[in-house]
1. What strands (runs of 3 or more DSSP E) completely inside the stretch A:1-58 contain at least 2 residues that are among the hydroxyl-bearing types (Ser, Thr, Tyr)?
2. Could you identify the single residue in A:Tyr50, A:Tyr31, A:Tyr90 that is hydroxyl-bearing (Ser, Thr, Tyr), without any contact (Cβ under 8 Å) to a residue 60 or more places away in the chain and out of contact with any His (no Cβ under 7 Å at 6 or more places or on another chain)?
3. For the subset of the stretch A:8-19 comprising residues that are surrounded by 15 or more Cβ atoms within 10 Å (Cβ to Cβ) and within 15 Å of the chain's Cα centre (by Cα), which member is farthest from A:Asp63 (Cα to Cα)?
4. Would you point out which residue out of B:Thr72, B:Thr108 is under 15 Å from the mean Cα position of the chain (by Cα) and closer than 21 Å to A:Glu44 by Cα?
5. Select the strands (runs of 3 or more DSSP E) contained entirely in the stretch B:24-80, then report the ones holding at least 1 residues which are aromatic (Phe, Trp, Tyr).
6. Of everything in the stretch A:36-51, what is closer than 15 Å to B:Tyr36 by Cβ, facing chain B (nearest Cβ under 7 Å) and open to solvent by less than 60 Å² (accessible area, probe 1.4 Å)? Give them in sequence order.
7. So B:Val93 clears everything in (1) away from chain A (no Cβ under 14 Å); (2) open to solvent by less than 70 Å² (accessible area, probe 1.4 Å) except one condition, right? Which one?
8. Test of understanding: among A:Glu53, A:Glu102, A:Glu59, which residue is in contact with a Ser or Thr (Cβ under 7 Å, 6 or more places away or on another chain) and of a type in the set (D, E, K, R)?
Amino acid sequence: EPEVTQTPSHQVTQMGQEVILRCVPISNHLYFYWYRQILGQKVEFLVSFYNNEISEKSEIFDDQFSVERPDGSNFTLKIRSTKLEDSAMYFCASSDLEVTGELFFGEGSRLTVL
Amino acid sequence: AQSVAQPEDQVNVAEGNPLTVKCTYSVSGNPYLFWYVQYPNRGLQFLLKYITGDNLVKGSYGFEAEFNKSQTSFHLKKPSALVSDSALYFCAVSRGDSSYKLIFGSGTRLLVRP
């Protein structure tokens, strides 16, 4: 069964460093998303991406965040200068337009900012 | 604005007994409603969805949910709980618009005791 894959599974970084989280969505999907979950808490929407541009973003997704689909398969989330409060599990998801909204999630990338 | 409420942080039930995990929503227009399950240190797995049609939807692992428009609810149910059902359950809503963004509830931890 096709799945969304994410790397790395866990990254530890120093405050102020840049981090790139990578995702390979399901190949025929057209919509891509990043969500985050602070330990044991709510899953929060960050950004949605369609047709090579951001279609919607939340208040959390400030200028420190960016997304890119550099090569038609990978979908990346970059945090330019990490803060302690960026520590969370980051989930990538993708969706097939035909399925009217069901999102398929990856296993997540745990980011720890020290 | 979309929002989802899961009023119970935790639901405890004995194995073999029926279970209900509550969810209410607020969204303009017709909602697309979803349930996802999260096992420890794992991603979000899709359980079921309501888009249109029959108010009772059946999903994976014997779960079902009933859409109630007048009460704006979408409670998750299972006739007979298993210990292996113990996990974190998230209700989510989408407007079904161009981004298909899901907004998640705060989650309900289900604990099924033997």
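The values are calculated or read from the model by the stated rules, or taken from the named source; none is laboratory data. Predicted model only: the values in this text are computed from it and were never measured. Here the Cβ positions follow ideal geometry from the backbone for every residue, glycine too, while neighbour counts run over all protein chains shown. We work out accessible area using only protein heavy atoms, side chains counted, and drop any ligands, DNA or RNA first. Shrake-Rupley method; radii C 1.70, N 1.55, O 1.52, S 1.80 Å.
1. A:5-7, A:31-37, A:43-50
2. One residue alone meets the criteria, A:Tyr50.
3. Only one residue tops the list, namely A:Gln11.
4. Within the list B:Thr72, B:Thr108, the selection yields B:Thr108.
5. In the stretch B:24-80, the matching strands (runs of 3 or more DSSP E) lie at B:24-26, B:32-38, B:44-50, B:64-68, B:73-78.
6. Within the stretch A:36-51, A:Val43, A:Phe45 qualify.
7. Among (1) away from chain A (no Cβ under 14 Å); (2) open to solvent by less than 70 Å² (accessible area, probe 1.4 Å), the lone unmet condition for B:Val93 is (1).
8. Answer to the selection: A:Glu102.
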